[in-house]
């Protein structure tokens, strides 16, 4: 049996409300909240970035996995906000967690799907027998241009998963990926903010790829939506995941636990992985979990997990995702937020 | 400003709280050659758990250039549960909540950047628990 042996999430304490951003740009706060189903989002502190978020999430995963970090044979961080253009995030993380130096490390990028990519490769290494444990992380401090619709959603956070063969808490039953060249969202080198195709990000991008991957994995597994206790999809806003889930036959009851976007925002590479951690926090042995990510450019990775008896031993070993989200909150004004996100230019 | 070589040399105490426990029981972080109390040079390496108590603190209102845009922020002397005394920045807090005797946890954070094109220095800061 190959699957998740430890999982953990982390989101920063800082927040900005959708209404604060709407008021800044003269938009109607109620219309924004109703349209995007977003009430607030996380903001990285001035001393936080993808690496510190990854370290915090992976520490929680290690607490649950209860393994010697030296036994981890591969570490992959998926993000579109790696702090360095050239210098890996993963090398800093392994030294901060006591992993390695006998370890394979790489940083992944694939817009919002880099986290599930990292999970997929980590899982595959263990499945192949190449190593005992592998760590896959999705984390981001997402960028959104001032005044752009993305500014309401682009947030910060991450989730980490250690895959292994012993003491598995959620077995990976099936995976499936669906990918095509679709220019729905991108950021060129040296540009501060991403660009996107507006409505083009919907049907030809988000919905086509998630439905493509999800329908294929359901067919491959012979399962149907009603077989699952929980489902989570990439959450670029509140509406898209609920709509795509409904199209596939999932109910709001199956999706509500993993649907953390309304109080977290879109953590890009950390989005559906963080929703998965919120599900694992309350899942029961035997539960089946459906997960499908989406990354612009574009592609989706779908996973089917089955929770084991071991889940009950690890759920309380580290902070639960919804407890972190509902825990300490420091609300920012738009001015503070702009400074935190380096949207203000200072003198040298 | 730290330089890359020094930052690299000190990464294990900055990253995983690698400290020294001298024969006398004195615990030190960062590293030193001699226990100032017993004169001993004999020690073992330990990793601090990362929890402690604030012994004293101050609030920085006028900071050096590196931290000029983060003021006001607290800097505290904490004693870890193993007995090591460290000077740390306290983060993610209302400065009015920082008190002598408050319990803290050390977390991995960005300390500073060596300019726009230089390396990023990571290390420990404290959060109130």
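Brief remarks follow.
- Filter result (crowded, with 17+ Cβ neighbours inside 10 Å and in a loop (DSSP other than H, G, I, E, B)) within segment B:85-118: B:91, B:92, B:93, B:98, B:102
- Segments classed as helices (runs of 4 or more DSSP H), wholly inside segment A:46-164, with at least 1 members that are closer than 18 Å to residue B:11 by Cβ: A:50-65, A:89-97
- Condition check for residue A:263: part of a helix (DSSP H, G or I) and either at pLDDT below 95 or more than 14 Å from chain B (Cβ to nearest Cβ) (or both): yes
- Matching option when the condition is part of a helix (DSSP H, G or I) and under 15 Å from the mean Cα position of the chain (by Cα), among A:269, A:226: A:269
- The lone exception for residue B:70 - which of (1) more than 16 Å from residue B:124 (Cα to Cα); (2) surrounded by fewer than 15 Cβ atoms within 10 Å (Cβ to Cβ); (3) free of Cβ contacts under 8 Å to residues at least 60 places away in the same chain it fails: (2)
- Of all residues making up segment A:1-22, the number that are buried (at least 24 other Cβ atoms within 10 Å of the Cβ) and either out of contact with any strand residue (DSSP E or B) (no Cβ under 9 Å at 6 or more places or on another chain) or not in a strand (DSSP E or B) (or both): 3
- Residue count, segment A:320-333 (criterion: crowded, with 17+ Cβ neighbours inside 10 Å and either free of Cβ contacts under 8 Å to residues at least 12 places away in the same chain or in contact with a strand residue (DSSP E or B) (Cβ under 9 Å, 6 or more places away or on another chain) (or both)): 5
- Selection from segment B:72-104 of residues that are within 11 Å of chain A (Cβ to nearest Cβ) and more than 17 Å from the chain's Cα centre (by Cα): B:94, B:97
- Qualifying position, being more than 14 Å from chain B (Cβ to nearest Cβ), surrounded by fewer than 24 Cβ atoms within 10 Å (Cβ to Cβ) and modelled with pLDDT of 95 or more, among A:116, A:81, A:124: A:124
The values are calculated or read from the model by the stated rules, or taken from the named source; none is laboratory data. Every value quoted in this text rests on a predicted model; they were computed, and no experiment measured them. Positions of Cβ are backbone-derived with ideal geometry, glycine not excepted, and every protein chain shown enters the neighbour counts.
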